[in-house]
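Student: Submitted below is the structure of interest, expressed as structure tokens.
The values are calculated or read from the model by the stated rules, or taken from the named source; none is laboratory data. Values in this document were obtained by computation on a predicted structure and should not be read as measured data. Please note: Cβ atoms are built from the backbone with ideal geometry, for glycine as well, and neighbour counts cover all protein chains shown. In case anyone asks, the SASA skips ligands and DNA or RNA and just uses the protein heavy atoms, side chains included. Shrake-Rupley method; radii C 1.70, N 1.55, O 1.52, S 1.80 Å.
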Amino acid sequence: MQYGFALEARSGWAIARIKRANRGYTTIAAAAQSPGAPALQESPGSSALGSPPVLSRAPRLLLETPPIYLVTAALIAGDALGNFGASVPLWVAALLAAAGAAFFIAARPAIAMTFALAAIVGAAIVPVHQLLSPAGGPASLNRFSDDAAVTLEASLVREPESVGNGRIYLYARAHRAGPAGAALAPTLGLVRITVIGSSNFRIGDEVRITGRIRFPRNDGNPGQFDYRAWLLRQGIEATMFVGPSKAKLPPEISVIGRRDPFPAAMIERIREHIGAFIDTNLHYPENAEMRALIIGDRGGIDEPLRQSFALTGMAHLLVISGLHLGFVAAAAFFTVRLAMGLFPELMARGYANPIAAAGAAIAVIAYAAIAGHHVSTIRALVMVLSYAISIMIGRARELVASLALAALVICFALPGSTADIGFQLSFASVLVIVLGMRRFDSWWRRRHTSPLGLRMERTRPNVVAEWIAGYIALSFWALLGTAPLTAMHFNQFSIVGLVANAVVVPIMGFGAVILGLAAAAMDFVWTPPALVLLSVAGRLAGVGTYLARWFALWPLAWSRIFTPTIVEVAIAYGFVLLWLLSPLDRADVRITSEVPEGTAAARGRPWRRFAVAALLLGALAVDAAWWIYQRDFNRDLRVTFLSVGEGDGAVVRFPGSRVMLIDGGGSFFGSFDPGERIVAPYLWANKIMHVDYLVVSHPDRDHFGGFIFIARNFTPSEFWTGGTSSPDRSYGSLIDAVRDAGSRERRCDAASPPMVIGGVAVRCLGPQPGVVQAKDNNASIVIALSYGHTSFLFPGDLEVKGERELIATRAVLASTILKVPH
């Protein structure tokens, strides 16, 4: 780090202004040599002479921090509070702003700044609250009841989005709506329509749809994904479905008009041309990957391919994000920068980098327009443009300020963004990379600097070694920056990701993306060379796919992890920032030690770091003790009935640590897996990584479907069945998964002896051994749990015949809680 010193002596004071790169001016007052000079205090940035004002550390820090960081932090805080359900009237924010203005006039800047930031926090809460709590009214979609039959007329405002399995999403802005068969009235609101088996829709189509309207809601399961807020943050107020239906009112949709909005219709035609060019000349999976990388269409990527990249920590490569736009921006920047060699006069005047940055900005805007209107793409575009602007105005080194500007713009333009997983991952990774690479640069300089502080000669091997080490360090900081959030949102930690990303990212990024874009652009001009470029890009995408699958097979390549709480994520990032924000090198320590003893800059900096570390360790110890008690020493019997859609799903936590699952839900149609999406998140949220007993009441898919994922990821010790089987192929997959997990199979019927698990009496009351049932439902396992004065009865899907047979056994059926059977 370089420092510039400007000394001025006046009236017995020496004012040392230290200008640090990227930090602005910090003013430190040092006592003059005269013996009678008074003791000095640190000045809060003023160069006025005489006794500087004495400020406590908090106000001084508040006034010396650049405003962009304070405003961004306040905006992010307000946005996050809004996502947590906070609500503040706008007049409160206005009142806080007025109070801040009054204190500014009264020359109390620290207090004024505090009120101003509080006003920003309050103002940022308002739009998020309004977004997540849409107001009703006679022209609102909310006037209809949930699941009501509705006819609406709307216009498609986005290009249809393919989501796989023959489904597409249509985003329709409603104009008129009413109960099915009744007159339509003016209506406002965005509706997402799921259509199966038809894709003949275009942006600008006017459609009429009749079907049942559903409003965003959650199932209420602990640890679940907030699906309702996710839809509302995209502006989607309701959903509808068009497809095969046995309802009395089958859903239907038809096009009743059309208009071509500019430039959206033109961009849609460009996307269709590029998509057809890719599909015609590439095969799966290369065509699906190139469509995802070039035009943002991920509908062709199947689950096995997605898992290969997800398990190796490279799922971001299949989603157009800041990484891809960064590659495009870098390629455009260096291309334009190279072309500037033809204009030496402009280069001599320092215009080369600003012009190259402008070219990069144009390139990423064009790429983002073609890639669609995904929120992740828009967010990445703002981040890349923020840095491009910093280059154009000569602030290329202000990386953290550029990041703050991007966050400010995103939170202002897209309220609720702090709850978006992509927002969290993007900014956490970039911030840790920026701070981490500074630490790497400092470490590398120390290794290549002589004892006198002179940089040793840079040989070619040293330069190559520095590039390689820097690239590995970049991958490490990216992994470190995203690991806590990846654990919280995806419950996995990809150890192999450190190597896999370093190898595959250049292949997929600079190779497949850049060459694919060049091929797509060239196809509009001259097809033969475009085909060559596309072929090379496809081969590189294929290499990336092969490597992703290969890395996923490495021993200990990835591991599942429980869901950390927000507090635990904060503790993890606290340790990361404590490391990254500690002094970079000995120069920092040297300057600090030269400050006279007694000044604020010289007092206890190491002790403050130790205090923060002790606080974090204490919080971690308390958190760990709490969960150890809840997981292993709690003496309560806890039973949770999960909302799994069709079928049943119950989690039984016995006193101590043993866990039993009684059914796991499942769907007869579609690809939704309640085991992965509902049951497993609940277990991970409660720090449960192993299940002792899997109990399938009977082999219907709506009861056992979710257990396939559980068996593969929670190593169940025992698998209980009533002895019946199923011709369903997925039941065979469950049996295979259970056997691969090494689980012991146990027959549970009325002849099974009672058991005691953690002090809880467990009795199997059915099915009756040797009795052949015409329906699987009447062959359901019946389990009774008794603990003290509390008892539970789980009769599966017994129907009338099975209930009568159970009663006839004269077993004790009286229970505190009954799970109602079929």
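Student: Compute the projected area of the convex hull of the Cα atoms of the range 632-678, averaged over all viewing directions, and report it in nm² to one decimal place.
Tutor: Reported value for the Cα convex hull: 3.4 nm².
Student: Work from the charge dipole of the chain (Cβ charges, +1 for Lys and Arg, -1 for Asp and Glu, about the Cα centre) and give the residue of 388, 135, 165 farthest towards its positive end.
Tutor: 388
Student: Relative contact order for the range 296-444: what is it in percent, counting Cα pairs under 8 Å that are at least 6 residues apart?
Tutor: 20 percent
Student: To the nearest 0.05, what FRET efficiency results for residue 493 and residue 812 with a Förster distance of 45 Å applied to their C-beta separation?
Tutor: 0.45
Student: Now, a different point. Could you pull the Rg and Dmax for the range 238-389, using just the Cα atoms, both in Å?
Tutor: That works out to 20.4, 76 Å for Rg and Dmax.
Student: Could you state the per residue volume, in Å³, of the convex hull enclosing the Cα atoms of the range 493-558?
Tutor: Taking only Cα atoms, the range 493-558 has a hull volume of 60 Å³ per residue.
Student: Relative contact order for the chain: what is it in percent, counting Cα pairs under 8 Å that are at least 6 residues apart?
Tutor: 7 percent
Student: So if I take the centroid of the Cα atoms in the range 616-677 and the same for the range 743-822, what is the distance between those two points in Å?
Tutor: 22 Å
Student: Note down the net charge around residue 716, summing +1 for each Lys or Arg and -1 for each Asp or Glu among other residues with Cβ under 15 Å from its Cβ.
Tutor: +1
Student: Rounded to the nearest 20 debye, what is the charge dipole size of the chain about its Cα centre when +1 sits on each Lys and Arg Cβ and -1 on each Asp and Glu Cβ?
Tutor: For the chain, the charge dipole is close to 1920 debye.
Student: Mind checking which of 671, 261, 365 is farthest towards the positive end of the chain's charge dipole, using Cβ charges of +1 (Lys, Arg) and -1 (Asp, Glu) about the Cα centre?
Tutor: 365
Student: Then there's this: Which cross-chain or sequence-distant (5 or more) residues have an amide H under 5 Å from the amide H of residue 642, H modelled 1.01 Å from N in plane?
Tutor: 649, 650, 651
Student: Listed highest first by mean packing, meaning other Cβ atoms within 10 Å per residue, what order do 544-554, 461-471, 71-81 come in?
Tutor: 71-81, 544-554, 461-471
Student: Next question. Relative to the longest principal axis of the C-alpha atoms of the chain, give the angle of the C-alpha long axis of helix 375-392, reported between 0 and 90° and rounded to the nearest 10°.
Tutor: The two axes meet at around 10 degrees.
Student: Ranked highest first by average number of other Cβ atoms within 10 Å, how do 738-751, 508-521 line up?
Tutor: 508-521, 738-751
Student: Check residue 746: other-chain or 5+ apart residues with amide H under 5 Å from its amide H, H built from backbone geometry?
Tutor: Amide H to amide H, under 5 Å and 5 or more residues apart or across chains, residue 746 pairs with 719, 720, 721.
Student: Just need the Rg to Rh number for the range 658-801, please, alpha carbons only, Kirkwood Rh.
Tutor: Ratio value, two decimals: 0.95.
Student: Over the chain, give the accessible area per residue in Å² for a 1.4 Å probe, as an integer.
Tutor: Heavy-atom accessible area per residue stands at 50 Å².
Student: Sticking with this one: Which ³J(HN,Hα) values, rounded to whole Hz and listed in residue order, are derived for the range 217-224 from phi using the Karplus coefficients 6.51, -1.76 and 1.60 in 6.51 cos²θ - 1.76 cosθ + 1.60 with θ = phi - 60°, glycine and proline given as x?
Tutor: So the J values, rounded to whole Hz, are 8, 10, 7, x, 7, x, x, 6.
Student: Mind checking which of 442, 689, 317 is farthest towards the positive end of the chain's charge dipole, using Cβ charges of +1 (Lys, Arg) and -1 (Asp, Glu) about the Cα centre?
Tutor: Among 442, 689, 317, the one farthest towards the positive end of the dipole of the chain is 442.
Student: Next up: Considering amide H positions built from the backbone, and no H for Pro or chain starts, which residues 5 or more places from residue 765, or on another chain, come under 5 Å of its amide H?
Tutor: 782, 783, 784
Student: Given an 8 Å cut-off on Cα distances and at least 6 residues of separation, report the relative contact order of the range 724-813 as a percent.
Tutor: 20 percent
Student: Quick one, can you get me the convex hull of the C-alpha atoms of the chain expressed as volume per residue in Å³?
Tutor: Given the Cα convex hull of the chain, per-residue volume reads 226 Å³.
Student: Another question, if that's okay. What span do the alpha-carbon atoms of the range 657-743 cover on each of the three principal axes, reported in whole Å from largest to smallest?
Tutor: Computed over the range 657-743, the largest-to-smallest principal extents equal 34, 26, 20 Å.
Student: Then there is this: Quick one: divide the alpha-carbon radius of gyration of the range 602-664 by 2.2 N^0.38 Å and tell me what you get.
Tutor: 1.90
Student: Over 19 Å apart: what share of the alpha carbon pairs of the range 135-194 falls there, rounded to a whole percent?
Tutor: Pairs farther apart than 19 Å: 33 percent.
Student: May I ask you to list the chymotrypsin sites (Phe, Trp or Tyr not before Pro) in the range 309-375 that are in a DSSP loop and have at most 16 other Cβ atoms within 10 Å of their Cβ?
Tutor: 351
Student: What is the helix-to-structure angle for 527-552, meaning the angle in degrees between its Cα long axis and the longest Cα principal axis of the chain, kept from 0 to 90 and rounded to the nearest 10?
Tutor: The answer is roughly 70 degrees.
Student: Treating only the Cβ of Lys, Arg, Asp and Glu as charged (+1, +1, -1, -1), what charge dipole size does the range 134-254 show about its Cα centre? Round to the nearest 20 debye.
Tutor: 120 debye
Student: Ok, one more. Kirkwood Rh, Cα Rg: Rg to Rh for the range 200-279?
Tutor: Ratio of gyration radius to Kirkwood radius for the range 200-279: 1.08.
Student: Identify unpaired cysteines across the chain, taking unpaired to mean no other cysteine Cβ lies under 4.7 Å from the residue's Cβ.
Tutor: Cysteines lacking a close Cβ partner in the chain: 411.
Student: For the range 245-320, place one equal point scatterer on every Cα, skip the solvent, and apply the Debye formula. What is log10 of I(q)/I(0) at q = 0.11, 0.27 Å⁻¹?
Tutor: -0.47, -1.18
Student: In terms of the ratio Rg/(2.2 N^0.38 Å) built on C-alpha atoms, what value belongs to the range 725-808?
Tutor: Rg over 2.2 N^0.38 Å, computed on Cα atoms: 1.23.
Student: Please state, rounded to one decimal and in Å, the Kirkwood hydrodynamic radius that the range 327-418 gives when every pair of distinct Cα atoms enters the mean of 1/r.
Tutor: 13.9 Å is the Kirkwood radius here.
Student: On alpha-carbon atoms, Rg over Rh for the range 88-203 using Kirkwood Rh?
Tutor: 1.25
Student: Any idea what Rg and Dmax come out to for the range 747-789 if you just take the C-alpha atoms, in Å?
Tutor: Rg, Dmax (Cα atoms, Å): 11.9, 37.
Student: How are the C-alpha pair distances of the range 415-533 spread across 5 Å bins, as whole percents from the shortest bin up?
Tutor: 2, 9, 13, 14, 14, 12, 12, 11, 8, 3, 1, 0, 0
Student: Could I ask something else about it? Taking the Cα atoms only, what angle lies between the long axis of helix 109-132 and the longest principal axis of the chain, rounded to 10 degrees?
Tutor: That works out to roughly 30 degrees.
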